[in-house]
1. For Glu252, Glu155, which order do you get if you count the other beta carbons within 10 Å of each Cβ and list the fewest first?
2. Please report Rg (one decimal) and Dmax (integer) in Å for the Cα set of region 35-180.
3. Tell me, Kirkwood radius of region 112-259 from alpha-carbon pair distances, in Å?
4. Sort 158-165, 206-213, 239-246 by packing, meaning the average of other beta carbons within 10 Å per residue, with the highest value first.
5. How would Leu270, Leu62, Leu55, Leu288 line up from fewest to most surrounding beta-carbon atoms within 10 angstrom?
6. Of the listed pairs Lys80/Lys200; Lys24/Lys80; Lys133/Lys181; Lys133/Lys178; Lys31/Lys126; Lys137/Lys197, which have alpha-carbon separations greater than 26 Å here?
7. Based on Cα positions only, what radius of gyration and what Dmax would you give for region 2-115, in angstroms?
8. Nearest 20 debye, what's the magnitude of the dipole of region 1-138 about its Cα centre given +1 on Lys and Arg Cβ and -1 on Asp and Glu Cβ?
Amino acid sequence: MVFVREYDGVDVTDLEVWRDDSLKYMRRHVKDLLQGADASWEVVIKNDAHYQHVLQVEVDGLEVDLLLAPDCAGGNAGRKWACMQHRRLTRPLLHAPAAASFDLVRHRADSAALNQFYIAASDEAKEVMRFVKGLYKSGIPSDQDHERIRSVSLEVLVLAAGQQLRSNRQCRKQRRGKVYKLQLFVEFLRLVVAAVKQRKVVMLDASYWCRAVRPYGYTREVGMQYDHIWGNDRVQIIHPTDFTCNLERAPEGRAPSDWSGLVRLAELLLCVLDSDSPSYFWLQPQVLHAMRAYGGDLKWMAWVEDVCLPTLRRLIRPKENKASRR
């Protein structure tokens, strides 16, 4: 990403400047500079609504999106730049929730804020993210007639699963190790089913996160004030730093993501893990495909074999166990 404060002697920190095609010359200028730096780089300017202010650069066969966005934080922000940028972009929305709407320019200008949630995520959560994305990519065949689920949606589901565990008194102390990773994976599977079949609103609540993250997020109480924007969407996974953005609302010109395959897989794996032979988990074709995609490296889910059957029962059937203790 490149954040721009001034171009050709003109201040471009106002979002309105970015809403039309008045900055097309800036994109062409950047394209010329990139191709002048290396003639082998193929640079394409996308002109549709979704890719506005994005240049696609191909370097040695690898495609990279270069995004241009306004720098609204000011010149003296220093290390607090991302926080200042976020505050200036969201302050008007907080003052008038009913009048708010999703704005792609504002959303992209606030992209740096999301990084704070990833920085705060535990190594265990990042490990589960990697496996989940590998499981989806390798375990569920792609269909050209349907859109794939965005990686960021899967990542936010894992973060939301961790938040759900933190809100559970029984799980607060267990934040590390193999059992926690299994808890996190199971909770992710549950959230997938709930988000699609029960239309559960998946939303990160900043009150459950550390102090370093809270300035970039919002509470669920605040976030739900903007449900008039995305409340009718089929699947609702709300962006952690932008309460006007549903990650699963299809961009203009695209079809909605197809969740059917992942939901079936989630229900299947929950059933397998709840069975008397949880080791059958390893025999599922989708899991095998995901493992092969990682070159046979089983470290992503090696902890499943090490968790004993009573522990699995406790993780899969928490409500039942609670009732039995009473």
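Please treat every number below as a calculation from the coordinates, not as lab data. A quick note: this is a predicted structure, and the numbers were derived from the prediction, not measured. Heads up, the Cβs are rebuilt from the backbone with ideal geometry, glycines too, and the neighbour counts pull from every protein chain shown.
1. Details: Glu252 8, Glu155 23.
Exposure proxy ranking, most exposed first: Glu252, Glu155.
2. According to the Cα coordinates of region 35-180, Rg and Dmax are 19.5, 59 Å.
3. On the way: mean 1/r = 0.0631 Å⁻¹.
Hydrodynamic radius (Kirkwood, Cα only) of region 112-259 equals 15.8 Å.
4. Working: 158-165: 22.0, 206-213: 15.2, 239-246: 24.4.
Packing order, densest peptide first, comes out as 239-246, 158-165, 206-213.
5. Values: Leu270 16, Leu62 7, Leu55 20, Leu288 13.
Ordered by Cβ neighbours within 10 Å, fewest first: Leu62, Leu288, Leu270, Leu55.
6. Details: Lys80/Lys200 34 Å; Lys24/Lys80 30 Å; Lys133/Lys181 15 Å; Lys133/Lys178 19 Å; Lys31/Lys126 35 Å; Lys137/Lys197 21 Å.
Violating the 26 Å limit, Cα to Cα: Lys80/Lys200; Lys24/Lys80; Lys31/Lys126.
7. Cα radius of gyration and Dmax of region 2-115 are 15.4, 49 Å respectively.
8. On the way: 18 positive and 21 negative charges, 114 e Å.
Here the size comes out at about 540 debye.
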